[in-house]
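Reviewing the structure listed below.
Every read-out reported here was derived from the displayed coordinates using simple, explicitly stated rules and does not represent laboratory data. Keep in mind the model is a prediction, meaning the values are calculated, not measured. Heads up, the Cβs are rebuilt from the backbone with ideal geometry, glycines too, and the neighbour counts pull from every protein chain shown.
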Amino acid sequence: MTRSLHHSLPQLRRSDFTSDFLWGSATSAYQIEGAAALDGRVESIWDRFCDQPGTIRDGSNGAVACDHYHHWPEDLDIAQSLGTNAYRFSISWPRIFSGPGAEANPEGLAFYSRLVDGMLARGLQPWATLYHWDLPQYLQDQGGWLARDTVHAFVEFADVMSKHLGDRVKHWITHNEPWCTAMLGHADGIHAPGIKDFKTAIQVCHHVLLSHGLATPVLRANVTDARVGLALNLHPISAASNKPEDLAAAQRHDGLRNRWYLDPLYGRGYPQDVWQALGEYAPQVAEGDMQAIAVPTDFLGVNFYFPEMVVHAPGASALDLRLVDAGDVERTAFGWEVAPEGMTSLLKRIQDDYQPGAVYITENGATYDDHLDEQGEIQDALRRAYLIRHLAAVRNAIQQGCQIKGYFAWSLLDNFEWAEGCSRRFGITYVDFDTQVRTLKLSGKWYSDFLHERETATASKWQSAA
Ligand code: IFM
């Protein structure tokens, strides 16, 4: 059930943030590019996954998506018109490498070169993500992320891309949301490659983290003034009751959701409580792996969407716990709880527990059921309110001492939302997938007013509309 509550919205101005705060929007290759069979791009695990009946809610795929491969100048124009000064995109690995031992594909390299030049020409600082889930299928055929060789293939990919773009791209995100790669793709099987095996997922997770650790020094070596990090999806976790067993379950869930990534990245190794709870599922770790994963980074990317609540439930999962519904709370159309206060507390906890230096909100956004009205407009007042409230949450976290340096709205465009297909719209720009016409939504207009410091952006104007 989607429930929206009428909230009084916080007053928010761009000047609440420092003048060097980075403002952006984010996308990813498979979700927007299309052109799946063009200019030497080979099959990705998502092409293969989407072909299997029943995997994607509306039966769609990313073969065309937003056709950003051809529409990119218009899309970057939109990002520029918003008043953003950064743009986060990802690089499609199957556009660059076509098979084992193959040379990098010149047409793939040229596309990203054009794209980056287009960003720079529009005053948008390019933020490149290397892995946003579209592994080449030929690598999956050789074992995918379960195979340690894929770690080395990733490092080669990072090497080639940073040599090619490093004169212009200084900000590099190695991986987007390793939890999703591992768990949704290899335990739940609801994402590509569709494997359902928890032990595999835990090993995949280790290899993904290791590939981050080994690629980081390569990026630094190739790029003068490189700033390297990765983007984690992190969640505030609570117990459904104060019973000791539920509190312990929440601790374990937090362990696998959050600390399993943060602890090793910040030099503490895998959290021992989770390692023990995993028992036979614990990953194989070679000598030197943990030191590699703990390589210093320049920033932490935080993707924030929703909190989770758990109960102790023996046998329900490998960690003997189950997610529970938080009840009558405000939700997006996805059913995700809307919890801006949770964002502030999560950011504060990250600051206190890990002191990550710089933090960037590399994704934050919401899906609602958007409709074009008779005037051809999308009155997504709920998404606008979501943005205002979450940006206020970021501001509050900064006031509490968090070192947050930038914010990327997810997403610039409606796009292919993975297993949900094109049925879930996260964009601040509406995309008509039949005509490829783009229309800035009310939320996008608000973001633009806010960034341009127009009076129309002040929250009081929106009180009744949320
Ligand atoms: O669309 C995704 C994105 O690819 C990764 N983070 C979450 C978004 C919304 O589900």
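Structural remarks
- Sorting the segments 334-341, 199-206, 169-176 by their mean number of nearby beta carbons within 10 angstrom, highest to lowest, gives 169-176, 199-206, 334-341.
- Summed over qualifying helices (DSSP H, 4 residues or more, each -39500 (n - 2.57)) and divided by its residue number, the chain shows a 222 nm mean residue ellipticity of -11000 deg cm²/dmol.
- Counted as membrane-span-like here are DSSP H helices of the chain whose alpha-carbon atoms extend 30 Å or more along the helix's own axis and whose Kyte-Doolittle mean is -1.0 or above; these are 198-222.
- Entries of Lys170/Lys445; Lys243/Lys348; Lys196/Lys348; Lys170/Lys196 with Cα pairs more than 32 Å apart: Lys196/Lys348; Lys170/Lys196
- Among beta bridges identified by DSSP and lying wholly in the chain, the antiparallel ones come to about 20 percent.
- For the stretch 273-411, the share of DSSP beta bridges that are antiparallel, to the nearest 5, is 40%.
- Rounded, prolate or oblate (a/c below 1.5 giving rounded, otherwise prolate when a/b exceeds b/c) for the chain by Cα gyration tensor: rounded
- Net charge of neighbours whose Cβ lies under 12 Å from the Cβ of Ser423, counting Lys and Arg as +1 and Asp and Glu as -1: -3
- The residues Ser25, Ser15, Ser411, when put in order of fewest to most other Cβ atoms within 10 Å, stand as Ser15, Ser411, Ser25.
- Inter-part distance, the stretch 92-165 to the stretch 291-315, computed on C-alpha centroids, equals 25 Å.
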